[in-house]
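Undergrad: The structure's right below; bear with me while I get my questions together.
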Amino acid sequence: MLAFLGLIFMTQWMLLVAQMYGDWQCANWEMSDSPIQNLMLNWWKRELSWISTMNFTQYNCFMTADNCTISILVENTNCIFDRTIALPLHNGANFSVIAERTNSTYSSTCKYIPQGINGSAIENFSCVIYNISLMNCTWQAGRNAPRDTQYFLYWQNSRGDDVMECELYIKDENGRHVGCRFKNVKIEKSYFLVNGSSKNSLIQFYDKYIELYKIEKLMPPSDVTVSCNKTADSCTIQWQRPQINHNNKDKCFKYEVEITSKANSAEWTKRSFTEKVSYTAQNPNMKKKNLVKIRAAGHMCQVNEEWGEWSAAVEFGNEETSSEWILPVLAVATLSIAIFTLFFCKRTGYWRAAFPQVPKPKNPFHGQPDINPELLECKMQSITSETERIAVVTEVVKL
């Protein structure tokens, strides 16, 4: 069983390789009396060849695809469209050869049409480079691709002829290849081709040329430092350019410097641009808390011109606490605490315990029954006569 599956896989692989490297005859070839015959295209090598029944000193080759045309002047019967100028072929292309001799012009034209089910090629192909040399490419399966369709990615750098297949595929829940991860990528123009295979159907391919620097996501500037001069009332911000693996020139970058000053609940932001690796902030408010961060973009070089990631924010200055609002807040807080304490004590009885009530003097006549004035006078006389008797007795004793 395993041997049978292995044979099927090897057969499909051989067909795929044959399709990649084989010569394709042009469709709709114009049969004429032109001495330029049998145009053949090796679409992987981007080589157009033909047979000429007459001797010409030079030929002019043309390639038209996606409304773009490029031409090459050659002296023999084949021309190669270099990777740096070649156009993708997945939407088809027109090829033609023109030669002149003794005031006569001869030409031959053919149209290259990719084979396979329409809508079976991948869609939404995109790549991004991050962390200097890592690259991810992703795609979606063609909307008309059979369920058993499997995709394979191949790529080639412009400076080499070696064709490399993806070593680390990204798979979906059904095991279909929907992306690829690359390591140690060199930034140069590259050719990508995603081919497909199915048991019963021919799958269209997708190809694309990419200048890799255009898809590189720039790292943030590093080593951001701030030094302030109180005498000059300025702060100098310095940093190191983003790390990339294909250019070591500082002049290839521009920078955006963002300074945010925080004062209580308000914020004030200032953005500035420079092409240097330093920036001087004039008259910064050092009594406030300031945050600075920087990002970079390519400038006048083969560096991505889109803004990269922001650096981590660096703080400078001192956050000042304003005293204008402290006294009112303290007064309101003190008054609120006093009112709350008073209310709480009265509600719970702690007020009487803390401040006991002083008793009033007792009225000696309070609560006595009413007395007749005549009886009261008689009683007073009786008390007086008794007192006199006690005094007389006391004098007799003394004698």
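The values are calculated or read from the model by the stated rules, or taken from the named source; none is laboratory data. These numbers come from a predicted model, not from an experiment. Ideal geometry is used to build each Cβ from the backbone, glycine not excepted, and the neighbour counts take in all protein chains shown. With ligands, DNA and RNA removed, areas are computed over all heavy atoms of the protein, side chains included. Shrake-Rupley method; radii C 1.70, N 1.55, O 1.52, S 1.80 Å.
Undergrad: In the structure displayed, which of Lys208/Lys276; Lys249/Lys287; Lys230/Lys293; Lys171/Lys217 lie more than 32 Å apart, Cα to Cα?
TA: Numbers: Lys208/Lys276 35 Å; Lys249/Lys287 37 Å; Lys230/Lys293 22 Å; Lys171/Lys217 24 Å.
Beyond 32 Å: Lys208/Lys276; Lys249/Lys287.
Undergrad: Of all accessible surface on the range 174-243 at a 1.4 Å probe, what whole percent is carbon and sulfur? Could you put the intermediate results ahead of the total?
TA: Values: 1390 of 3400 Å².
With neighbouring chains kept in place, the figure for the range 174-243 is 41 percent.
Undergrad: While we're on this one: Please grab the % of Cα pairs in the range 165-285 that end up more than 19 Å from each other. Provide the component values of the computation, followed by the final result.
TA: Values: 4884 of 7260 pairs.
Everything past 19 Å amounts to 67 percent.
Undergrad: Still on this structure, I have one more. Of the heavy-atom accessible surface of the range 39-120 (probe 1.4 angstrom), what whole percent is carbon and sulfur? Spell out each step's value before the answer.
TA: Values: 1890 of 4150 Å².
For the range 39-120, the apolar C and S fraction of the accessible surface comes to 46 percent.
Undergrad: Let me ask something else. If you roll a 1.4 Å probe over the heavy atoms of the protein chains, what accessible area per residue do you get for the range 206-255, in Å²?
TA: Numbers: 2690 Å² over 50 residues.
With all protein chains present, the range 206-255 gives 54 Å² per residue.
Undergrad: Just need the relative contact order of the range 181-306 here, percent rounded to a whole number, with Cα pairs under 8 Å and 6+ apart. Present the calculation step by step, with values, prior to reporting the outcome.
TA: Details: 224 pairs, mean separation 30.8, N = 126.
Reported as a whole number, the value is 24 percent.
Undergrad: Using the alpha carbons of the range 83-217, what is the convex hull volume per residue in cubic angstrom, as a whole number? Could you put the intermediate results ahead of the total?
TA: Details: hull volume 18.6 nm³, N = 135.
Value for the range 83-217: 138 Å³ per residue.
Undergrad: What do you get for GluC sites (Glu not before Pro) in the range 134-222 restricted to DSSP loop and a cutoff of at most 11 other Cβ within 10 Å of the site's Cβ?
TA: Details: sites: Glu165, Glu167, Glu173, Glu188, Glu211, Glu216; in loops: Glu167, Glu173, Glu188.
Passing both the DSSP loop test and the Cβ count: Glu167, Glu173.
Undergrad: Compute the whole-percent fraction of alpha carbon pairs in the range 135-203 spaced more than 17 Å apart.
TA: Numbers: 1049 of 2346 pairs.
Tail of P(r) above 17 Å: 45 percent of Cα pairs.
Undergrad: Report, largest value first, the span of the C-alpha coordinates of the range 80-151 along each principal axis, in whole Å.
TA: For the range 80-151, the Cα spread along each principal axis is 57, 37, 14 Å.
Undergrad: Continuing with this model, one more query. Quick one: net charge of Thr274's neighbours, Cβ under 15 Å, K/R +1, D/E -1? Walk me through the intermediate numbers first.
TA: Details: positive: Arg241, Lys251, Lys254, Lys270, Arg271, Lys276, Lys293, Arg295; negative: Asp250, Glu256, Glu258, Glu275.
Residues close to Thr274 contribute a combined charge of +4.
Undergrad: Separate question: Considering only the other residues whose Cβ falls under 14 Å of the Cβ of Asp207, what net charge follows from Lys and Arg at +1 and Asp and Glu at -1? Display every interim value, and only then the final one.
TA: Values: positive: Lys45, Arg46, Arg83, Lys189, Lys208; negative: Asp66, Glu123.
Within the 14 Å Cβ shell, the charges total +3.
Undergrad: Which net charge results when you count Lys and Arg as +1 and Asp and Glu as -1 among the other residues whose beta-carbon is under 15 Å from that of Cys180? Mind showing how you got there, number by number?
TA: On the way: positive: Lys171, Arg176, Arg181, Lys183, Lys208; negative: Glu165, Glu167, Asp172, Asp207.
Combined, the nearby Lys, Arg, Asp and Glu give +1.
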